[in-house]
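Student: Handing you a structure now.
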């Protein structure tokens, strides 16, 4: 198996926050949802991966190359989208093309304008006159137009209406039709990740709590609800975390270790996150 991203024991210290031994790998040809609360460390991790922040320790590789030593080579193979477009707001899509075709060796002018037409982004309007949705479509088009093998996305669908979000998710799925392409997708909109992600990595207060196949999380885990007394009948090895509810307790369990006599609800990614943050280890 090859990996688009490999992060091992990443540390970055600030005055009141630090990344603590962050480790995860993104297999080539897959989409990883990178989730966590605001301030959990998602953007800090991404900026370290992109060599925009200097790490204190640890190793980061993209395509098997060192993120720092091979930075220029890597930049030709990745597309990056933050939660806002980082170009002067007086520029238009037409003007941005003139700049970027001199920046990227593989810049595809025809593909760039085809995408803008497909997404109905005006090419002559300055950025400052575009809606948030149009700005994000332009940003994603810019990220795709040099045919990267890896997209790194930091909250690209935040604040967008469901129709625009669905359109953008379809674009990411088109990108993934090439089995050599990969996506790291940071988002707090977990429903988007449930639609397209293969893996989910959850960061909380600068630490990775889990990095797991999405189907394992959603279909091999279950939520049991009942009283504290009834909970005693559940196998101890099946219980992962518990939390109080209005009617007793809710317990995150391993489905294959619980008898079919127990009724279980299927969790969402958000449910699992809440159990890991607010639940208690058993």
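The values are calculated or read from the model by the stated rules, or taken from the named source; none is laboratory data. This one's a predicted model, so the numbers in the text were calculated from it and none came from an experiment. In this analysis, Cβ positions are derived from the backbone assuming ideal geometry, glycine residues included, and neighbour counts consider all displayed protein chains.
Student: Out of (1) touching a residue at least 24 places away in the same chain (Cβ under 8 Å); (2) in the same structural domain as residue 39 (by TED's automatic domain parsing); (3) within 16 Å of the chain's Cα centre (by Cα); (4) not in a strand (DSSP E or B), what's the single condition that is false for residue 200?
Tutor: It fails just one condition, (4).
Student: Which number in (1) on the phi > 0 side of the Ramachandran plot; (2) at pLDDT 95 or above; (3) loosely packed, with under 14 Cβ neighbours inside 10 Å marks the one condition that residue 39 misses?
Tutor: Against the list (1) on the phi > 0 side of the Ramachandran plot; (2) at pLDDT 95 or above; (3) loosely packed, with under 14 Cβ neighbours inside 10 Å, residue 39 comes up short only on (2).
Student: May I pose another question? Touching a residue at least 12 places away in the same chain (Cβ under 8 Å) and either part of a helix (DSSP H, G or I) or surrounded by 17 or more Cβ atoms within 10 Å (Cβ to Cβ) (or both), is that true of residue 33?
Tutor: Judged against the criteria, residue 33 is a match.
Student: Let me ask something else. Have a look at 9, 38, 51 and point out the one that is over 16 Å from the mean Cα position of the chain (by Cα), over 30 Å from residue 177 (Cα atoms) and in contact (Cβ under 8 Å) with a residue 12 or more places away in the chain.
Tutor: Of the residues listed, the single one that is over 16 Å from the mean Cα position of the chain (by Cα), over 30 Å from residue 177 (Cα atoms) and in contact (Cβ under 8 Å) with a residue 12 or more places away in the chain is 9.
Student: Checking the structure you have, find out if any residue of segment 165-183 is assigned to a strand (DSSP E or B) and touching a helix residue (DSSP H, G or I) at 6+ places or on another chain (Cβ under 8 Å).
Tutor: Scanning segment 165-183, I find at least one residue that is assigned to a strand (DSSP E or B) and touching a helix residue (DSSP H, G or I) at 6+ places or on another chain (Cβ under 8 Å), so the answer is yes.
Student: Of 141, 157, which residue is buried (at least 22 other Cβ atoms within 10 Å of the Cβ) and farther than 27 Å from residue 41 by Cβ?
Tutor: 141
Student: What's the number of the condition residue 25 fails, among (1) surrounded by fewer than 16 Cβ atoms within 10 Å (Cβ to Cβ); (2) at pLDDT 95 or above; (3) at negative phi?
Tutor: Looking at each condition in turn, residue 25 falls short on (1).
Student: Give the number of residues within segment 252-274 that are without any contact (Cβ under 8 Å) to a residue 40 or more places away in the chain, surrounded by 16 or more Cβ atoms within 10 Å (Cβ to Cβ) and within 19 Å of residue 202 (Cβ to Cβ).
Tutor: Summing the residues that are without any contact (Cβ under 8 Å) to a residue 40 or more places away in the chain, surrounded by 16 or more Cβ atoms within 10 Å (Cβ to Cβ) and within 19 Å of residue 202 (Cβ to Cβ) in segment 252-274 gives 3.
Student: Okay, moving on. For the condition at pLDDT below 95 and under 12 Å from the mean Cα position of the chain (by Cα), what is the one hit in 234, 171, 184, 193?
Tutor: It is 193.
Student: Another question about this same structure. Return yes or no: is residue 203 out of contact with any helix residue (DSSP H, G or I) (no Cβ under 8 Å at 6 or more places or on another chain), crowded, with 21+ Cβ neighbours inside 10 Å and more than 30 Å from residue 115 (Cβ to Cβ)?
Tutor: No; evaluated as a whole, the condition is false for this residue.
Student: Any residue at all in segment 111-123 that's touching a strand residue (DSSP E or B) at 6+ places or on another chain (Cβ under 9 Å), surrounded by fewer than 16 Cβ atoms within 10 Å (Cβ to Cβ) and farther than 25 Å from residue 50 by Cα?
Tutor: There is at least one residue in segment 111-123 that is touching a strand residue (DSSP E or B) at 6+ places or on another chain (Cβ under 9 Å), surrounded by fewer than 16 Cβ atoms within 10 Å (Cβ to Cβ) and farther than 25 Å from residue 50 by Cα.
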